[in-house]
């Protein structure tokens, strides 16, 4: 991934390109009961963003000492998605669809842009 990012930067394309590396879930910091692995952890996982208006060289948020739960600058999936859409030049509040008699948003009613990651 580093080579791709370097290439985008050298070509002057990184400022207009959003690179997202994200997992669906984190992993629990301890083994499952049957000791075959670590279960999904939706409360603490890592995402990597670069380019397209993201601050360079910093971390946003922290988990507890075990990596079990986010404890500082925690954000939701709705906020994360609203931020990605914003970085791509889309207003998440205008992306709605009609379902079951209600106008709904892709980022739910709780989604907000995480301004702390913006350059």
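Any read-out appearing in this document is the output of simple, stated calculations on the displayed coordinates, not a laboratory observation. What you see is a predicted model, and the numbers here were worked out from it, not measured in a lab. Because the Cβ atoms are built from the backbone with ideal geometry, glycine has one as well, and the counts that use them run over all protein chains shown.
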Residue in the stretch 94-110 that is in a strand (DSSP E or B), out of contact with any strand residue (DSSP E or B) (no Cβ under 9 Å at 6 or more places or on another chain) and farther than 30 Å from residue 8 by Cβ present: yes
Give the stretch 89-117 a look and list any residue that's touching a residue at least 12 places away in the same chain (Cβ under 8 Å) and loosely packed, with under 13 Cβ neighbours inside 10 Å, or say none. 110, 116
Quick one: residue 59 ticks every box in (1) surrounded by fewer than 14 Cβ atoms within 10 Å (Cβ to Cβ); (2) out of contact with any strand residue (DSSP E or B) (no Cβ under 9 Å at 6 or more places or on another chain); (3) not in a loop (DSSP other than H, G, I, E, B) bar one, so which box is it? (3)
Take residue 18 and tell me if it is within 21 Å of residue 90 (Cβ to Cβ), more than 15 Å from the chain's Cα centre (by Cα) and touching a residue at least 12 places away in the same chain (Cβ under 8 Å). no
